[in-house]
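Structure first, then comments.
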Amino acid sequence: MPITARKYRMAATSPPSPNLSSSGCKHRLPLERTALARDFAPSCAIPLRFLILGLLCLATATGWLLIHPTMVLAPYQTPHTVAWAHLYILGFALSTVMGAAYQIVPVALGVQLHSERLAAFHPILHIVGVALLVPMFFVWSLPMVTLGGALLISGALLFSYNLARTLRRIPRFDAVAASLTFALGWLLLTMALGLTMSVPALRMLLPHPSGDWLAAHAHLGIGGIFINLIVGISFRLLPLFTLSTLQSPTRAWLACLGLNAGLAMVFVAIGLGHFRCALAGGAIITVALAIALGEMFAICAARQRRRLDWGLRLFLVAVGLLLPLTGVGLVAALTDPGSPLRNFYALLALLGVVGLAIVGMLHKILPFLVWYSVYSPQIGKTQVPSLAAMVSEPRQKITFFACLGGLGLLEIGVAFGLQPVATVGLWLWGVGIAAWLVNAISLLNHLRKIPPPPQKPPAEFHFS
Amino acid sequence: MLRARLRQLIDPELGLNVVDLGLIRKIEVVGSTVTVTMTLTSPGCPIGEVLIDGVRNLVTATPGLTDAIVHLVWDPPWSPSDISPTTQETLNSTFL
């Protein structure tokens, strides 16, 4: 599938008009801001590679659960469950987030990505890392897990360095940029901890080596990376998609700083086995998330676009689950390790918050990326479809209702130890994901319409 | 005539044309050169330059016109009240 949209587009279009100006503005913008998205957006090929990997891993992880539904009620610290969790988190969630970040972060912050060359190396490290790590967890070959982890962390270092250098260019460091910065830091720490735990000699170097570092690693990954990004990016994308504005930058900052202070406390406390500190950290996180939700509610209340599309609705449901999640987490911390409430908590975090938020945002990001690759060069020359015309709304409705209904049944089944109910819930969730995947495939089919780059004329030979 | 032509340019996110969205502030024609003053729904609009390119392409494809100058302005900022009344209802009923 030739994905050369940006290079083709640059060859086909003229340079920006020198008459493009922001003259007469009361709110004057610097010229590079008026140059707008095309100057800042990297090639669509890199984000698309990550998103396609994400979709493949989502399909695999969902199928795996449907084939082995008893996993959801079993103790989670088993090789198979750990393998599934890493397929879902690294293969689906992190791949999607990284792909989206390469595209959205520069455009949303109004600066150019620091290095496309560095970004071009990342996909291969990430893909091979995931492909190695997940099966090796399955068979519990820790030396190979370490190798897979080393590849993943190498890719993550490239990613973090690239985005950190990009963030340094932004004119104003706001709460969104701060959330991104924190998420990058937690990403590297999570992976470093994971790598450390996979090497027995290194694990002994951890303070309190017999502590629950696996739980600390999980909280750092889910909370530090994904919840941080969900909250931070909401402050930028929600206003954009709903035709609203950020209502209170102070609230956004309080939410960001509180969330990360609480995360740091929870991470250290869980690892060192300080139960009360972990609860205190959880309480701080709860307050921070309440502030964040207050701001998101205010953004939505001030929106000019009254009707919300299915992707945004899915995302907002995920956001709404954040507070219940922290409540369940605080209670689950008081239960025994094998308690069903801990499985309930883990599934709510993975499928409910992370899964729904990412699938919801994919409803917006994937159509936009495909449209940008295929149709933006043709705008004004031929008729181009809108984003709505490229997707099936009935399938989006199926995704919304089936995923929510499935999650509800699944959690009821897990909470009360009812395997049949949990299995029905999983199948319903699977129907919702399948409907989204069909929509995604039909979207990606549009990429076949990208014309090849114009051929150079053959060299002329002159015979004397 | 140019406004009618620019109605072919659709914001892909909202599914509405740039004229009815109220993005086109002014059109001036001098000889074969057209100056279009426009705005965007927000400074962070990810397809801003795509829409500007679209305006240029549509204008220069019009018979008798050879050059298009686009002035991007932010004052006054765009607001939904700029949307034409007949289009306002469509905005609230479309799902994307």
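The values are calculated or read from the model by the stated rules, or taken from the named source; none is laboratory data. All values derive from a computational prediction rather than experimental measurement. Heads up, the Cβs are rebuilt from the backbone with ideal geometry, glycines too, and the neighbour counts pull from every protein chain shown.
A few notes on this one:
- Subset of the range A:235-258 (residues that are under 19 Å from A:T181 (Cβ atoms) and either away from chain B (no Cβ under 14 Å) or surrounded by fewer than 19 Cβ atoms within 10 Å (Cβ to Cβ) (or both)): A:P249, A:T250, A:R251, A:A252, A:W253, A:L254, A:A255, A:C256, A:L257, A:G258
- The condition of being surrounded by 23 or more Cβ atoms within 10 Å (Cβ to Cβ) and closer than 30 Å to A:L53 by Cβ holds for only one of A:G352, A:G320, that being A:G352.
- Taking residues in the range A:189-209 that are free of Cβ contacts under 8 Å to residues at least 12 places away in the same chain, and partners anywhere that are surrounded by 18 or more Cβ atoms within 10 Å (Cβ to Cβ), the pairs with Cβ atoms closer than 7 Å and at least 6 places apart or on different chains are A:L202/A:T196; A:R203/A:T196; A:R203/A:M197.
- Selection status of A:S386, assigned to a loop (DSSP other than H, G, I, E, B) and at negative phi: yes
- Residue tally, condition among the aromatic types (F, W, Y) and touching a helix residue (DSSP H, G or I) at 6+ places or on another chain (Cβ under 7 Å), over the range A:404-434: 2
- Of all the residues in the range B:33-50, those that are out of contact with any His (no Cβ under 9 Å at 6 or more places or on another chain) and at pLDDT 90 or above number 3.
- Where B:S32 falls short, out of the listed (1) in contact with a strand residue (DSSP E or B) (Cβ under 7 Å, 6 or more places away or on another chain); (2) within 11 Å of chain A (Cβ to nearest Cβ); (3) more than 25 Å from B:T86 (Cβ to Cβ): (2)
- Yes/no for B:V50 being free of Cβ contacts under 8 Å to residues at least 24 places away in the same chain, more than 7 Å from chain A (Cβ to nearest Cβ) and either on the phi < 0 side of the Ramachandran plot or surrounded by fewer than 16 Cβ atoms within 10 Å (Cβ to Cβ) (or both): no
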